[in-house]
């Protein structure tokens with residue numbers, strides 16, 4: 001009897017440990033490597049989609065959501081390799097630079113794609129988030145996404161005039177398997193996606209029927225592409241507010257929980 005009790009307790013502890021397992025999300029700081037002038041000085045500082053950035057342009061709030069849902073958050077200042085992607089469950093590339101944003105951008109090259117593909121096939125989850133060609137670089141980025149069946153169309157949809165936020169509303173259908181609590185989300189000036197191979201839509205505009213987010217199962221891993229940086233501080237739910245039915249905060253929670261569930 002005592003032996004059975006001890007065995008049951010041990011199994012319970014192992015189950016709990018599995019549930020409480022901490023995974024790592026790594027945010028790219030190499031392909032997205034922007035600087036801005038510091039007001040009143042001759043120095044520059046990094047900005048745009050950084051964990052540390054608490055301004056409207058930052059990802060500090062998203063980082064907190066990842067942490068709440070079982071992730072350690074890290075950044076990768078150098079190019080991805082087989083070695084430095086080890087231990088990463090989710091690799092997040094956002095807004096890779098073009099020459100308008102950075103004088104000498106770090107483009108996504110063949111050797112980077114080779115390392116990322118191998119990592120994905122072994123169980124990694126790659127998330128690429130980017131929108132229109134005036135703000136990010138497409139030619140090299142699509143060499144990464146297209147072999148997985150996801151093409152960024154370089155168009156600009158979901159435009160907003162002044163602060164008429166409703167123009168950029170996406171309604172999530174009841175019973176959605178990923179966005180289980182979010183119902184109405186905001187994605188502004190997005191690029192649509194075209195899908196092939198095993199890629200499937202995960203977010204589609206309710207009336208215009210274009211796809212703005214998709215995923216593809218690749219080996220043991222998954223590739224996710226969103227046609228917008230989406231979850232930066234300004235729209236989570238800072239500028240939108242919480243009194244008009246916007247659920248970007250809930251969507252970020254749903255999304256990161258889903259990433260946890262499909263990652264190694």
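Overview of results
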read-out: Whether the range 21-262 is rounded, prolate or oblate, judged on the alpha carbon gyration tensor where a/c under 1.5 counts as rounded; value: rounded
read-out: Normalised contact order of the chain, rounded percent, pairs of Cα under 8 Å and 6 or more residues apart; value: 20
read-out: Residue 244 versus residue 22: modelled label distance in nm, points set 7 Å from Cα along the beta carbon direction; value: 3.8
read-out: Selected from 106, 84, 248 as most flexible by GNM, with the chain as the system and alpha-carbon contacts under 10 Å; value: 84
read-out: Cβ-Cβ FRET estimate between residue 208 and residue 72, R0 fixed at 35 Å, reported to 0.05; value: 0.40
read-out: Computed [θ] at 222 nm, helices only, for the chain once each DSSP H run of length n ≥ 4 contributes -39500 (n - 2.57); value: -7000 deg cm²/dmol
read-out: Protection proxy ranking, peptides 146-159, 88-101, 220-233, 66-79, average beta carbon neighbours within 10 Å, highest first; value: 220-233, 88-101, 146-159, 66-79
read-out: Mean-position separation - Cα centroids, the range 84-143 and the range 170-191, in angstrom; value: 24
read-out: Sequence ranges 181-187, 165-171, 208-214, ranked by mean other-Cβ count within 10 angstrom, highest first; value: 181-187, 208-214, 165-171
read-out: Zone of residue 79's modelled label, taken as backbone nitrogen in the range 123-164 under 15 Å from a point 7 Å along Cα→Cβ; value: 140-141, 144
read-out: Distance (nanometres) between label positions extended 7 Å along Cα→Cβ at residue 198 and residue 54; value: 4.2
read-out: Gain in span if fully extended, residue 146 to residue 183, counting 0.36 nm per residue against the direct Cα distance; value: 10.4 nm
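Every read-out reported here was derived from the displayed coordinates using simple, explicitly stated rules and does not represent laboratory data. In this text the structure is predicted, and so the values were computed from the model without any measurement. Note: ideal-geometry Cβ built from the backbone for every residue, glycine included; neighbour counts use all protein chains shown.
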